[in-house]
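The next block holds one structure in the form of structure tokens; read it before the comments.
The values are calculated or read from the model by the stated rules, or taken from the named source; none is laboratory data. From a predicted model like this one, the values you see are computed outputs, not experimental measurements. Don't worry about glycine lacking a Cβ; one is built from the backbone with ideal geometry, like all the others, and counts go over all protein chains shown. When the accessible area is computed, the model is the full protein with side chains, heavy atoms only, and any ligands, DNA or RNA have been set aside. Shrake-Rupley method; radii C 1.70, N 1.55, O 1.52, S 1.80 Å.
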Amino acid sequence: MDDQFKQDNEVQSENYISVSGATSEQLKKYYQQRRGSQHSSFCSAPDINLYFGMKGEVYACCHSRNYVVGKWPDNSIGEIWKGEKLARLKAALKENKLSVACKICLSDLQIGNFEGVRANHFDQLPINPEFPTMMEFELDNTCNLQCVMCTGVFSSSIRKNRENLPAFQTNYSPEFVDQLEAFIPHLHTVRFSGGEPFLVELNLQIMQRITELNPKCLISVQTNGTILNERVKQLMHQGRFEIGVSVDSLVPETFAVVRKNGKLETVMANFEFFKAYCKERETALRISVCAMQQNWQELPDYLEFANTAEAYLCIHSVWHPQECSLVNFSSAKLSSIIIELRQVQFADGNNIERSNRQTYQAYLKQLTAWKDLASTTETTNRSAESKSVAELREDMISKIRTCIHSSFETDRQAGEKLTEVCIGRLTTLLKLLPRNQEKRLLVKMTGIEINVIVSGLSTGSVKELLQQALHFIKS
């Protein structure tokens with residue numbers, strides 16, 4: 001890193017300290033570990049990427065869903081790319097203002113997980129001011145599994161069988177695929193998630209267009225590993241794919257419980273095909289795991305499995321439902337988990353092994369942050385017990401207002417609308433609870449990060465929230 005780059009980092013740090021709870025030193029460490037040359041912004045995502053969500057809403061990345069930069073088909077792809085909202089986000093990130101849309105990255109920054117900051121993912125991609133060089137597609141929730149940590153938002157099977165709700169209707173159409181044609185030749189990377197991407201017809205049509213118009217474009221697919229038919233194989237033969245396989249247990253019995261309707265034997269057989277393909281094409285192979293109460297003991301096994309398979313390990317934090325997330329454990333329980341997981345012996349003979357060690361250690365930092373949060377929560381809960389239900393309710397409403405207000409500084413109207421939704425659902429939820437359970441829930445909620453509460457209230461139905469609340473009260 002040259003002297004000019006170090007000076008640029010220091011200037012960025014000075015700008016940052018006035019707009020967030022992070023320190024200048026934290027930001028400096030983040031910039032120092034970034035790959036590539038000089039960086040003029042905290043994150044390049046809005047300069048590179050468009051993320052198309054299921055309802056037609058478009059974001060700069062999957063972690064900035066509270067900041068919508070456009071909506072298809074109300075706005076064309078070109079209008080979104082050249083639009084004012086994306087320009088505002090670019091300007092904010094150049095000044096290191098993460099409160100606009102980027103609280104997840106801010107959270108990683110604050111716990112010292114600099115390598116785990118999601119903004120790092122965009123540092124290796126080229127910037128073209130006229131066209132996005134990356135697109136991400138989450139167009140439909142069609143999925144054949146009913147994973148315990150998932151919801152009907154991402155699985156049609158859960159929506160139908162667990163939630164008893166009508167099928168989700170996507171906003172996208174073949175016209176969307178046609179509109180993409182002007183952008184496809186300029187793409188460096190595309191990513192597909194879901195649902196199960198290989199079951200979504202529109203995804204397959206887009207993949208086909210990419211193989212025809214830009215065969216060098218890297219097509220990244222996050223799959224549950226159960227779908228590998230002749231059409232998928234033909235597309236992979238025509239294009240340049242990298243594959244991420246979600247495997248939330250290496251134990252058949254646990255896998256069957258966590259990933260309902262899936263068979264570990266099938267996934268492992270398909271994984272071998274993906275592994276051979278990626279090795280031949282010299283593209284990345286990834287193993288993804290949602291670390292939960294049901295499988296945290298297997299994390300050292302995932303590390304060893306990924307290293308042996310020459311696959312990159314991805315460990316995802318699970319915040320809800322309550323019966324899955326590790327964040328709901330006591331500080332004592334989390335301390336014991338951290339001690340056990342630290343016993344692992346790391347290999348670092350190649351880049352993949354070093355990357356996987358870094359991923360594993362970054363997750364340990366997350367667990368440590370949760371342990372510290374749990375300790376603070378336990379103290380806070382003892383204090384909250386002395387307050388009345390009315391006082392606790394007003395405290396929670398005030399926190400919700402403050403959280404949403406800080407996230408929607410550039411779109412107050414949308415912020416007010418979301419505030420109304422969240423407070424309305426909270427009020428309804430409390431009315432549905434038995435009177436002796438209101439205080440119990442509010443006391444326990446004081447220990448949860450407010451952005452997690454806002455996320456739950458904004459996306460969950462009252463029915464879903466009531467089920468989660470009753471379980472949370474008992475836990």
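Selection over the range 377-401 of residues that are in a helix (DSSP H, G or I) and either of a type in the set (D, E) or surrounded by 13 or more Cβ atoms within 10 Å (Cβ to Cβ) (or both) gives a count of 16.
If you scan the range 22-52, which residues turn out to be out of contact with any Lys or Arg (no Cβ under 7 Å at 6 or more places or on another chain) and assigned to a loop (DSSP other than H, G, I, E, B)?
As a first pass, look at the range 22-52 and keep what is out of contact with any Lys or Arg (no Cβ under 7 Å at 6 or more places or on another chain): 22-39, 42-45, 48-52.
Selection gives A22, T23, R34, R35, G36, S37, Q38, H39, F42, C43, S44.
Looking only at residues in the range 284-327 that are of a type in the set (S, T, N, Q) and over 30 Å from G456 (Cβ atoms), the one that is least open to solvent (accessible area, probe 1.4 Å) is N307. The set of residues in the range 189-204 being outside any helix (DSSP H, G or I), over 16 Å from the mean Cα position of the chain (by Cα) and of a type in the set (A, V, I, L, M, F, W, C) consists of V190, V200.
Pairs are defined by a Cβ separation below 8 Å, a sequence spacing of at least 6 or placement on different chains, a first member in the range 17-29 that is within 18 Å of A119 (Cα to Cα) and at pLDDT below 85, and a second member that is open to solvent by 40 Å² or more (accessible area, probe 1.4 Å) and of a type in the set (K, R); the pairs so defined are V19/K97; S20/K97.
Annotation note: of Q343, Q293, the sole residue that is closer than 22 Å to I448 by Cβ and at pLDDT 90 or above is Q293. From the list T419, T402, T446, the one residue that fits, being touching a residue at least 60 places away in the same chain (Cβ under 8 Å) and within 25 Å of the chain's Cα centre (by Cα), is T446. In the range 205-283, counting only helices (runs of 4 or more DSSP H) that sit wholly within it, the ones holding 2 or more residues that are β-branched (V, I, T) and surrounded by fewer than 18 Cβ atoms within 10 Å (Cβ to Cβ) span 252-258.
Which condition number does A167 fail, the rest of (1) within 22 Å of E409 (Cα to Cα); (2) small (G, A, S); (3) in a loop (DSSP other than H, G, I, E, B) being met? Condition (1) is where A167 drops out.
Residues being among the hydrophobic types (A, V, I, L, M, F, W, C) and either part of a loop (DSSP other than H, G, I, E, B) or closer than 20 Å to H121 by Cα (or both): count how many of those fall in the range 284-305. Walk me through it before giving the result.
Restricting attention to the range 284-305, the residues satisfying the condition of being among the hydrophobic types (A, V, I, L, M, F, W, C) are 284-285, 287, 289-292, 296, 299, 303, 305.
The next check asks that each one be either part of a loop (DSSP other than H, G, I, E, B) or closer than 20 Å to H121 by Cα (or both); those that pass are 284-285, 287, 289-290, 292.
The total comes to 6.
Filtering the range 137-156 to residues that are in contact with a Leu (Cβ under 9 Å, 6 or more places away or on another chain), touching a residue at least 40 places away in the same chain (Cβ under 8 Å) and crowded, with 21+ Cβ neighbours inside 10 Å leaves F137, L139, D140, T142, C143, S155. Among the residues of the range 429-438, those that are open to solvent by 60 Å² or more (accessible area, probe 1.4 Å) and either charged (D, E, K, R) or in contact with a Pro (Cβ under 9 Å, 6 or more places away or on another chain) (or both) comprise K431, R435.
Within the option set R281, R240, being over 24 Å from L139 (Cα atoms), without any contact (Cβ under 8 Å) to a residue 60 or more places away in the chain and of a type in the set (D, E, K, R) holds for one residue only, R281. For beta carbons closer than 6 Å, sequence separation of 6+ or different chains, a first residue in the range 449-466 that is under 13 Å from P321 (Cα atoms) and a second that is charged (D, E, K, R) and at pLDDT 85 or above, the qualifying pairs are L457/R425.
The number of residues in the range 157-190 being over 30 Å from F122 (Cα atoms), surrounded by fewer than 20 Cβ atoms within 10 Å (Cβ to Cβ) and among the aliphatic types (A, V, I, L, M) comes to 2. Consider the range 52-107 and keep the residues that are over 19 Å from the mean Cα position of the chain (by Cα) and of a type in the set (D, E). The one that is modelled with the lowest pLDDT is E95.
For the range 93-116, does any single residue satisfy the condition of being assigned to a strand (DSSP E or B) and touching a strand residue (DSSP E or B) at 6+ places or on another chain (Cβ under 9 Å)? No - not one qualifying residue is present in the range 93-116.
This table checks each residue for (1) open to solvent by 70 Å² or more (accessible area, probe 1.4 Å); (2) of a type in the set (A, V, I, L, M, F, W, C); (3) out of contact with any helix residue (DSSP H, G or I) (no Cβ under 6 Å at 6 or more places or on another chain); (4) more than 30 Å from N161 (Cα to Cα).
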site	(1), (2), (3), (4)
S406	no, no, no, yes
T427	no, no, yes, no
G456	no, no, yes, no
K463	yes, no, yes, no
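For the range 53-90, a residue qualifies if it is free of Cβ contacts under 8 Å to residues at least 40 places away in the same chain, out of contact with any helix residue (DSSP H, G or I) (no Cβ under 6 Å at 6 or more places or on another chain), under 22 Å from A182 (Cα atoms) and part of a loop (DSSP other than H, G, I, E, B), and the qualifying residues are D74, N75, K82, G83.
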